[in-house]
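Okay, structure first, notes after.
The values are calculated or read from the model by the stated rules, or taken from the named source; none is laboratory data. Treat the numbers as computed from the prediction; the structure is a model and nothing was measured. Cβ placement follows ideal geometry from the backbone for every residue including glycine, while neighbour counts extend to all protein chains displayed.
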Amino acid sequence: MKEEIDWKKEILASGQFNNKFSRNLLENGAKNFMQGLYMSYMYSRWRKIRGLDKDDPIENKGQMQSSYKEFENKIK
């Protein structure tokens, strides 16, 4: 079972986002859409710092490599 980590408290303790705006967002939460986007940015930065972004699935880059001409040749 994974333990629950409070990322907001961890960021506040580390001092990564130490300006007044970020501190207010982390303590009180987002009030509008743009603040929510900034909170998402802070969360993704926290995940990168902790090394948790390595768990994300890897994009399949070979899936969309064929051209339309190849597609037409396969149909014929």
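Taking first residues from the stretch 31-51 that are closer than 13 Å to SER14 by Cβ and partners that are assigned to a helix (DSSP H, G or I) and among the hydrophobic types (A, V, I, L, M, F, W, C), the Cβ contacts under 7 Å between residues at least 6 apart in sequence or on separate chains come to MET42/ILE11; TRP46/TRP7; TRP46/ILE11. For the stretch 12-43, the set of residues classified as within 17 Å of the chain's Cα centre (by Cα) and at pLDDT below 90 consists of GLN16, PHE17, listed by residue number.
Cβ separations smaller than 9 Å between residues 6+ apart or across chains give the following pairs from the stretch 4-18 residues that are more than 13 Å from ARG47 (Cβ to Cβ) to residues that are surrounded by 11 or more Cβ atoms within 10 Å (Cβ to Cβ) and charged (D, E, K, R): LEU12/ARG23; PHE17/ARG23; PHE17/ARG45.
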